[in-house]
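Novice: Below are the structure tokens for one structure; questions will follow.
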């Protein structure tokens with residue numbers, strides 16, 4: 001079966017994408033408004049961009065009325081945000097922050113999520129998260145206006161935070177302890193507990 005995006009609705013394209021591009025890592029993005037209200041929201045259109053410079057990206061789409069989400073508005077105001085990694089034991093709290101809260105309400109307070117100050121930026125980190133990335137805005141690329149219009153937010157990582165308990169004796173991240181989760185489609189998620197190795201014979205990296 002072939003699908004031409006030109007003949008599909010935005011909803012149909014979205015459903016096809018989220019069922020095929022799996023699993024997707026989750027960026028639990030914290031930001032702060034100029035009025036000092038903190039915001040916390042999950043985004044599964046997310047990934048690392050590269051190590052030189054250290055950058056990551058996530059994609060908040062516009063609301064149904066075409067307006068920007070609070071995360072994007074906050075980042076456009078002050079050019080800072082934090083991405084906290086979501087482990088399995090934080091899945092329920094993460095899911096609760098996906099609800100639409102008024103901009104005057106902090107998801108940290110509404111859901112009862114403990115925060116901790118960042119080192120280099122104003123938005124706080126999720127205290128229980130085992131790893132976080134403090135970021136300053138590199139650029140925003142607005143791909144389309146209106147409802148569901150995509151916006152790519154690229155951030156320069158200015159500080160990594162990794163819990164001591166995650167560091168193995170070999171100096172690597174203990175993936176069992178990190179226990180990160182990924183988004184599938186709808187209400188479906190997956191854990192990163194089932195892994196296997198493939199050795200590259202001629203790796204240029």
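The values are calculated or read from the model by the stated rules, or taken from the named source; none is laboratory data. Being a predicted model, the structure only gives us computed values, none of them experimental. Neighbour counts are summed over all protein chains in view; Cβ atoms, including those assigned to glycine, are modelled from backbone coordinates with ideal geometry.
Novice: Being part of a loop (DSSP other than H, G, I, E, B) and closer than 15 Å to residue 31 by Cα is the filter here; which residues of segment 74-99 pass it?
Specialist: 79, 97, 98
Novice: Now a separate question. Anything in segment 121-143 that is assigned to a loop (DSSP other than H, G, I, E, B) and surrounded by 12 or more Cβ atoms within 10 Å (Cβ to Cβ)? List them, or say none.
Specialist: Selection gives 121, 122, 123, 124, 127, 128, 129, 130.
Novice: Shifting gears a bit: Please name all residue pairs, on different chains or six or more residues apart, with Cβ atoms under 9 Å, provided the first residue is in segment 165-178 and is touching a residue at least 60 places away in the same chain (Cβ under 8 Å) and the second residue is in a loop (DSSP other than H, G, I, E, B).
Specialist: Close Cβ pairs (under 9 Å, with a partner that is in a loop (DSSP other than H, G, I, E, B)) amount to 178/130; 178/163; 178/192.
Novice: Considering only segment 109-118, I want to know if a residue exists there that is closer than 19 Å to residue 49 by Cβ, surrounded by 15 or more Cβ atoms within 10 Å (Cβ to Cβ) and either touching a residue at least 40 places away in the same chain (Cβ under 8 Å) or touching a helix residue (DSSP H, G or I) at 6+ places or on another chain (Cβ under 7 Å) (or both).
Specialist: No - not one qualifying residue is present in segment 109-118.
Novice: Also, I was wondering about something else. Can you spot a residue in segment 58-67 that is touching a helix residue (DSSP H, G or I) at 6+ places or on another chain (Cβ under 7 Å) and surrounded by 15 or more Cβ atoms within 10 Å (Cβ to Cβ)?
Specialist: Within segment 58-67 (the criterion being touching a helix residue (DSSP H, G or I) at 6+ places or on another chain (Cβ under 7 Å) and surrounded by 15 or more Cβ atoms within 10 Å (Cβ to Cβ)), the answer is yes, since at least one residue qualifies.
Novice: Quick one: in segment 54-73, of everything that is farther than 18 Å from residue 157 by Cα and outside any loop (DSSP other than H, G, I, E, B), which residue is farthest from the chain's Cα centre (by Cα)?
Specialist: 73
Novice: Which of the residues spanning segment 30-48 are under 19 Å from residue 143 (Cβ atoms) and either surrounded by fewer than 16 Cβ atoms within 10 Å (Cβ to Cβ) or modelled with pLDDT under 95 (or both)?
Specialist: 47
Novice: Quick one: which of 47, 39 is assigned to a strand (DSSP E or B), touching a strand residue (DSSP E or B) at 6+ places or on another chain (Cβ under 9 Å) and free of Cβ contacts under 8 Å to residues at least 40 places away in the same chain?
Specialist: Sole residue among the options that is assigned to a strand (DSSP E or B), touching a strand residue (DSSP E or B) at 6+ places or on another chain (Cβ under 9 Å) and free of Cβ contacts under 8 Å to residues at least 40 places away in the same chain: 47.
Novice: Looking at segment 12-36 only, could you name the residues that are touching a residue at least 60 places away in the same chain (Cβ under 8 Å) and in a helix (DSSP H, G or I)?
Specialist: Hits for segment 12-36 are 14, 15, 18, 19.
Let's see how each residue does on (1) within 19 Å of the chain's Cα centre (by Cα); (2) modelled with pLDDT under 95; (3) over 21 Å from residue 19 (Cβ atoms):
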site	(1), (2), (3)
153	yes, no, yes
157	yes, no, yes
163	yes, no, yes
166	no, no, yes
170	no, yes, yes
174	no, no, yes
177	no, no, yes
183	yes, no, no
188	yes, no, no
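Novice: Do we have residue 126 as within 23 Å of residue 177 (Cα to Cα), in contact with a helix residue (DSSP H, G or I) (Cβ under 6 Å, 6 or more places away or on another chain) and in contact (Cβ under 8 Å) with a residue 24 or more places away in the chain here?
Specialist: Judged against the criteria, residue 126 is not a match.
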